[in-house]
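*Asks:* Here it is, the structure in full.
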């Protein structure tokens, strides 16, 4: 199985911490964050990863090479001088993509089975993607996903000052299985956001939902880094995880 990791962000919230070190390589519990994430993907059954890199991407390539410590085969797709956005980075990586793949973020550590969206998508040829979601009720952040049965029926990111919409109970969990044809349908070398792609798939009735049961860890802020560090130091794993459950 193939995972695609979006690891090209500028990491502006972390200030001096990422002035010379890409967020993907920040030390967490004694190791670069990349090692923790790649190890977790390998444990879930993935055999290769495509790293979409941008800011300080050469440092990522130099540190990780073409095979990670966990045994994953690694390849790289670099943003050009113009930032292409999250989905635009996928479009640039299209020659490297498998027919189906998992896309996740290089600053998120998800305590669930990363292979679950892939299995769900393979079991449902009528779908173009399977999105992991979390029943959030606007608690951790603004919920952006409306689920009916086993399908995402609407994906929407509202302005932060907009009143919460109670019909949006779930939030994007940060992992999605996709078919390569979706990416090939995007215009190349033009900025595209992954949120717009998810909105379009939901509107077409082609995006399935797979619910995770534990809130995720992220290293996009100093508070998030500290939270993951504490969890990894105390247990070397934030928890047994969950394969996810289909929404009722």
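The values are calculated or read from the model by the stated rules, or taken from the named source; none is laboratory data. Quantities reported herein were computed from a predicted structural model and do not represent experimental measurements. Using ideal geometry, Cβ is built from the backbone for each residue, glycine included, and neighbour counts are taken over all protein chains shown.
*Asks:* Say whether the condition of being at pLDDT 95 or above and over 22 Å from residue 140 (Cα atoms) is met by at least one residue in the stretch 208-218.
*Replies:* So far as the stretch 208-218 goes, yes, one or more of its residues are at pLDDT 95 or above and over 22 Å from residue 140 (Cα atoms).
Here is a yes/no grid of residues against (1) surrounded by 23 or more Cβ atoms within 10 Å (Cβ to Cβ); (2) in contact (Cβ under 8 Å) with a residue 24 or more places away in the chain; (3) under 15 Å from residue 49 (Cα atoms); (4) in contact with a strand residue (DSSP E or B) (Cβ under 6 Å, 6 or more places away or on another chain):
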{"site": "80", "(1), (2), (3), (4)": "no, yes, no, no"}
{"site": "86", "(1), (2), (3), (4)": "no, yes, no, yes"}
{"site": "98", "(1), (2), (3), (4)": "no, yes, yes, yes"}
{"site": "103", "(1), (2), (3), (4)": "yes, yes, yes, yes"}
{"site": "113", "(1), (2), (3), (4)": "no, yes, no, no"}
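*Asks:* So for the stretch 124-140 (the condition being under 20 Å from residue 47 (Cβ atoms), surrounded by fewer than 23 Cβ atoms within 10 Å (Cβ to Cβ), more than 13 Å from the chain's Cα centre (by Cα) and modelled with pLDDT of 95 or more), does at least one residue qualify?
*Replies:* no
*Asks:* On the basis of being under 26 Å from residue 230 (Cβ atoms), touching a residue at least 24 places away in the same chain (Cβ under 8 Å) and touching a strand residue (DSSP E or B) at 6+ places or on another chain (Cβ under 8 Å), does residue 25 make the cut?
*Replies:* Considered against the rule, which asks whether it is under 26 Å from residue 230 (Cβ atoms), touching a residue at least 24 places away in the same chain (Cβ under 8 Å) and touching a strand residue (DSSP E or B) at 6+ places or on another chain (Cβ under 8 Å), residue 25 comes out as yes.
*Asks:* Go through the stretch 141-155 and count every residue that is surrounded by fewer than 18 Cβ atoms within 10 Å (Cβ to Cβ) and either out of contact with any strand residue (DSSP E or B) (no Cβ under 8 Å at 6 or more places or on another chain) or in a loop (DSSP other than H, G, I, E, B) (or both).
*Replies:* Number of matching residues: 5.
*Asks:* Between residues in the stretch 172-186 that are assigned to a loop (DSSP other than H, G, I, E, B) and residues that are crowded, with 19+ Cβ neighbours inside 10 Å, which pairs lie under 7 Å by C-beta distance while being six or more apart or on different chains?
*Replies:* As it stands, the answer is 186/87; 186/91; 186/192, since those pairs meet every condition given.
*Asks:* Test residue 49 against the criterion of being within 21 Å of residue 228 (Cα to Cα) and touching a residue at least 24 places away in the same chain (Cβ under 8 Å), and give yes or no.
*Replies:* The answer is no for residue 49.
*Asks:* Restricting attention to the stretch 198-223, report how many residues are in contact (Cβ under 8 Å) with a residue 24 or more places away in the chain and part of a helix (DSSP H, G or I).
*Replies:* 6
*Asks:* Quick one: which residue in 158, 165, 195 is out of contact with any strand residue (DSSP E or B) (no Cβ under 6 Å at 6 or more places or on another chain), within 24 Å of residue 215 (Cβ to Cβ), surrounded by 15 or more Cβ atoms within 10 Å (Cβ to Cβ) and free of Cβ contacts under 8 Å to residues at least 24 places away in the same chain?
*Replies:* Just one listed residue meets the conditions, 165.
*Asks:* A further question follows. Within the stretch 101-114, can you find the residues that are in contact with a helix residue (DSSP H, G or I) (Cβ under 9 Å, 6 or more places away or on another chain) and either closer than 11 Å to residue 2 by Cβ or assigned to a loop (DSSP other than H, G, I, E, B) (or both)?
*Replies:* Scanning the stretch 101-114 gives 101, 102, 103, 106, 107, 110, 111, 113, 114.
*Asks:* Moving on to the next point. All but one of (1) under 15 Å from the mean Cα position of the chain (by Cα); (2) more than 21 Å from residue 138 (Cβ to Cβ); (3) surrounded by fewer than 23 Cβ atoms within 10 Å (Cβ to Cβ) hold for residue 174, so report the exception by its number.
*Replies:* With (1) under 15 Å from the mean Cα position of the chain (by Cα); (2) more than 21 Å from residue 138 (Cβ to Cβ); (3) surrounded by fewer than 23 Cβ atoms within 10 Å (Cβ to Cβ) applied to residue 174, the lone miss is (2).
*Asks:* Every residue in the stretch 10-35 that is modelled with pLDDT under 75 and either touching a helix residue (DSSP H, G or I) at 6+ places or on another chain (Cβ under 6 Å) or assigned to a helix (DSSP H, G or I) (or both), please.
*Replies:* 11, 12, 13, 14, 15, 18
*Asks:* To continue, here is another question. Tell me which residues, restricted to the stretch 57-100, are on the phi > 0 side of the Ramachandran plot, in a loop (DSSP other than H, G, I, E, B) and in contact with a helix residue (DSSP H, G or I) (Cβ under 9 Å, 6 or more places away or on another chain).
*Replies:* If the condition is that a residue be on the phi > 0 side of the Ramachandran plot, in a loop (DSSP other than H, G, I, E, B) and in contact with a helix residue (DSSP H, G or I) (Cβ under 9 Å, 6 or more places away or on another chain), then 71 is the only one that fits.
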